[in-house]
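Presented below is the structure to which this report refers.
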Amino acid sequence: MVLPCLDEADALPWVLDRVPPGWRAIVVDNGSTDGSADIARALGATVVHEDRRGFGAACHAGLLAATADIVCFCDCDASLDPSLLLPFVREVREGGADLVLGRRRPRGRGAWPAHARAGNFALAHMLRRRTGLRLHDLGPLRAARRAPLIGLGLTDRRSGYPLQMVVRAADAGWRVTEHDVPYLPRTGASKVTGTWRGTWQAVRDMSRVLAEPPAHEHAHDGLGARPSTTPPGGTTP
């Protein structure tokens, strides 16, 4: 499990306590100054340091450091419970999907600010036009096989990384599904969507990803997967 981390000392104990038994937690420290790396290490996580700032840089460093056949991603701010990934992994392992995403459903006041939700809605609409995928969210909770993910040739190292993963997966004909997951108020301040400015910076990063031509030449996935989308409501086909 890849956990990108930037100053999440307060959230780490909660997050790591919910990593399923037997899973390897890889906390990718992206320049924390609050002792996050030391806390993660003390709690049994593998710590990887990524000096290049950016959500995508941290995620990709964790992907490359992982060794398991199936890799999961989850934010490190206690807004999402890592144990929710268990059925995601089962679906990938059993061949029901190639990439499984969590559709965030806010729980509690302040869990998902209006500006962040608006930006996500706009991106989901643009993604549908670009790929045909009927997704509602581009959230960070997700699971897929490691080798095919690396084969997608992901290049974005900022906020566009999660979207580029979905776009290139769609171009490669992956089966992509999404499932509802509770989204809790995060611990600490958001580094991306905590403000209108941060949200629209992320939207701008992702818009550049959507403007890229189809990247079939990067999609050496070897899956032989057929194109598929999820119907409204987040259920599997």
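Cβ-Cβ distance below 7 Å, separation of 6 or more or different chains: which pairs start in the range 162-189 with a residue that is free of Cβ contacts under 8 Å to residues at least 60 places away in the same chain and of a type in the set (S, T, N, Q) and end on one that is in a strand (DSSP E or B) and open to solvent by less than 20 Å² (accessible area, probe 1.4 Å)?
none
Please go through the range 21-40 and give me each residue that is outside any loop (DSSP other than H, G, I, E, B) and closer than 13 Å to M1 by Cβ, ordered by number.
The answer is I26, V27, V28, A40.
How many of the residues in the range 154-173 are over 16 Å from the mean Cα position of the chain (by Cα) and surrounded by fewer than 23 Cβ atoms within 10 Å (Cβ to Cβ)?
The qualifying residues number 2.
Can you spot a residue in the range 41-49 that is surrounded by fewer than 20 Cβ atoms within 10 Å (Cβ to Cβ), in contact with a Lys or Arg (Cβ under 9 Å, 6 or more places away or on another chain), part of a loop (DSSP other than H, G, I, E, B) and not charged (D, E, K, R)?
no
Go through the range 111-129 and give me each residue that's open to solvent by less than 60 Å² (accessible area, probe 1.4 Å) and out of contact with any His (no Cβ under 9 Å at 6 or more places or on another chain).
A111, W112, P113, H115, A116, A118, G119, A122, L123, L127
Matching residues to (1) among the hydrophobic types (A, V, I, L, M, F, W, C); (2) over 25 Å from E178 (Cβ atoms); (3) in contact (Cβ under 8 Å) with a residue 60 or more places away in the chain:
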{"residue": "D29", "(1), (2), (3)": "no, yes, no"}
{"residue": "T33", "(1), (2), (3)": "no, yes, no"}
{"residue": "V48", "(1), (2), (3)": "yes, yes, no"}
{"residue": "D51", "(1), (2), (3)": "no, yes, no"}
{"residue": "H60", "(1), (2), (3)": "no, no, yes"}
{"residue": "C72", "(1), (2), (3)": "yes, no, yes"}
{"residue": "A78", "(1), (2), (3)": "yes, no, yes"}
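Criterion first (of a type in the set (A, V, I, L, M) and surrounded by fewer than 16 Cβ atoms within 10 Å (Cβ to Cβ)) does A68 satisfy it?
Judged against the criteria, A68 is a match.
Which condition number in (1) among the charged types (D, E, K, R); (2) modelled with pLDDT under 90; (3) not in a loop (DSSP other than H, G, I, E, B) is the one that K191 fails?
Status for K191: all satisfied but (3).
Restricting attention to the range 172-187, which residues are of a type in the set (D, E, K, R) and modelled with pLDDT of 95 or more?
R175, E178, D180
The values are calculated or read from the model by the stated rules, or taken from the named source; none is laboratory data. Keep in mind that this is a model prediction, so the values were computed, not measured. Note: ideal-geometry Cβ built from the backbone for every residue, glycine included; neighbour counts use all protein chains shown. In case anyone asks, the SASA skips ligands and DNA or RNA and just uses the protein heavy atoms, side chains included. Shrake-Rupley method; radii C 1.70, N 1.55, O 1.52, S 1.80 Å.
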